1. For the subset of segment 174-231 comprising residues that are among the hydrophobic types (A, V, I, L, M, F, W, C) and part of a loop (DSSP other than H, G, I, E, B), which member is nearest to Thr153 (Cα to Cα)?
2. Go over the candidates Glu130, Glu134 one by one and state the one that is modelled with pLDDT under 95, assigned to a strand (DSSP E or B), out of contact with any helix residue (DSSP H, G or I) (no Cβ under 8 Å at 6 or more places or on another chain) and farther than 28 Å from Ala79 by Cβ.
3. Which pairs have Cβ atoms under 6 Å, sit 6 or more apart or on different chains, and link a residue in segment 343-371 that is assigned by TED's automatic domain parsing to the domain that holds Ser244 to one that is of a type in the set (D, E, K, R)?
4. For residues in segment 188-205 being in contact with a Pro (Cβ under 8 Å, 6 or more places away or on another chain) and closer than 30 Å to Ala249 by Cα, which is surrounded by the fewest Cβ atoms within 10 Å (Cβ to Cβ)?
5. Touching a residue at least 12 places away in the same chain (Cβ under 8 Å), among the β-branched types (Val, Ile, Thr) and farther than 15 Å from Pro207 by Cβ: is that true of Thr74 in this structure?
6. Going by the structure shown, is Thr303 within 20 Å of Val245 (Cα to Cα), hydroxyl-bearing (Ser, Thr, Tyr) and crowded, with 24+ Cβ neighbours inside 10 Å?
7. Residues being touching a His at 6+ places or on another chain (Cβ under 9 Å), surrounded by 20 or more Cβ atoms within 10 Å (Cβ to Cβ) and closer than 24 Å to Leu322 by Cα: count how many of those fall in segment 227-258.
8. Only one residue in Leu80, Leu45, Leu51 is modelled with pLDDT of 95 or more, under 24 Å from Ala249 (Cβ atoms), in a loop (DSSP other than H, G, I, E, B) and in contact with a Leu (Cβ under 6 Å, 6 or more places away or on another chain). Which one?
Amino acid sequence: MPAFSLDPPQSAWCAELRALAAERLRPLAEKGEPGHVNRALVAELGQLGLLERLFTSGAVDLCLMRESLAYACTEAETALALQGLGAHPVHAHGTPAQRERWLPRVADGTAIAAFALSEPAAGSDAAALELRAEAGASDPVAESDGGARWRLTGEKCWISNAPEADFYTVFARTTPGAGARGVTAFLVPADRPGLTGTGLDMLSPHPIGALSFDAVPVTADDVLGEVDRGFRVAMGTLNLFRPSVGAFAVGMAQAALDATLAHTAQREAFGGKLKDLQSVAHQVAEMALRTEAARLMVYAAATAYDEGAADVPKRAAMAKLLATETAQYVVDQAVQLHGARALRRGHLLEHLYREVRAPRIYEGASEVQRGIIAKELYATREAAQ
């Protein structure tokens, strides 16, 4: 059973990341425009060498980066994570030409990546996606499109970094009626004819948009992995990134917990410090307990991924589920213990309160994670009989 504890170099690296996030990344984040890609922030992540580590490190390092950055600058954490999410399929399944063209630019922060799976009618049920990849090899205009083999027609929605990304990992249906087995992953540059997008005004401050595909031409050179095997590309990416979503959540929970410790230790109320009230002390203890439990599950899942364990899907789902639900609880309790001041625009907890809600939905909602966990448990039971 995978176990995890930080060694001294890892602890020192995390401290360094928190300091970098506070001193170099947060000022850039504060200059960004909510709902839009902050290219200066992404470029700085590249300059610091953090984006390159997305392709040279394992799941544990990814979680360490995400937790540490989230503690001090959630915008920097999210910018890094979205680069990884959008580009990992290229790293893991791309051709040499695809990797050579895009990965160095992602690593240095000059190209923005996006992961385009969700659709208006296919969010949690990703296998029900309807973006059509229609055969176009015999199309008279195919030759002028560089020999287009398919044309993508349909919509994507709730896509982080859309519509401002430079390229998209797009999942489209190449075989109608085949469910998850008829989906293909494509690398689609943003300048392809027929591809347009609009931004969505969301609660979370990072950019999210919708994409429209009007007979967008793609060829065999744009395929990531194998035709009709794109769902494996999607799920493999999510198995890596789901524990790290949990790390993001743990970073936010720890920031909220530390803010609460500082506040309750100095706040005068009812003739003493807030921390001297048993109800407050017990609540803080519960927040700490849940945060540490979530952290341990996140890093156990990441360790399992790095070791190639067979139960990664279950562990990844458990880590994301527990950590994101925990962070929601901890941040909410922190707001309650701070009172009205925590609701003032610009307060750390007001910011975290807006940030903490989305991770319970994206990359598989909490209900989806419970379904994955149950499915894996029953499959293990049946295999043992």
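The values are calculated or read from the model by the stated rules, or taken from the named source; none is laboratory data. Please read all numbers here as calculations on a predicted model, not as lab measurements. Heads up, the Cβs are rebuilt from the backbone with ideal geometry, glycines too, and the neighbour counts pull from every protein chain shown.
1. Taking segment 174-231 and keeping what is among the hydrophobic types (A, V, I, L, M, F, W, C), we get 178, 180, 183, 185-188, 190, 195, 200, 202-203, 208, 210-211, 213, 215-216, 218, 220, 223-224, 227, 231.
With part of a loop (DSSP other than H, G, I, E, B) added as a condition, the list becomes 178, 190, 200, 202-203, 227.
Details: Ala178: 18, Ala190: 15, Leu200: 20, Met202: 25, Leu203: 29, Val227: 17 Å.
Filtering segment 174-231 for residues that are among the hydrophobic types (A, V, I, L, M, F, W, C) and part of a loop (DSSP other than H, G, I, E, B), the one nearest to Thr153 (Cα to Cα) comes out as Ala190.
2. Values: Glu130 fails: assigned to a strand (DSSP E or B).
Of Glu130, Glu134, the one residue that is modelled with pLDDT under 95, assigned to a strand (DSSP E or B), out of contact with any helix residue (DSSP H, G or I) (no Cβ under 8 Å at 6 or more places or on another chain) and farther than 28 Å from Ala79 by Cβ is Glu134.
3. Pairs found: Leu343/Glu350; Glu363/Arg242; Ser366/Arg360; Gln369/Lys320.
4. Thr198
5. Working: touching a residue at least 12 places away in the same chain (Cβ under 8 Å): yes; among the β-branched types (Val, Ile, Thr): yes; farther than 15 Å from Pro207 by Cβ: no.
No: the conditions fail for Thr74.
6. no
7. Going through segment 227-258 one residue at a time, the tally reaches 3.
8. Values: Leu80 fails: in a loop (DSSP other than H, G, I, E, B); Leu45 fails: in a loop (DSSP other than H, G, I, E, B).
Only one candidate passes the filter, namely Leu51.
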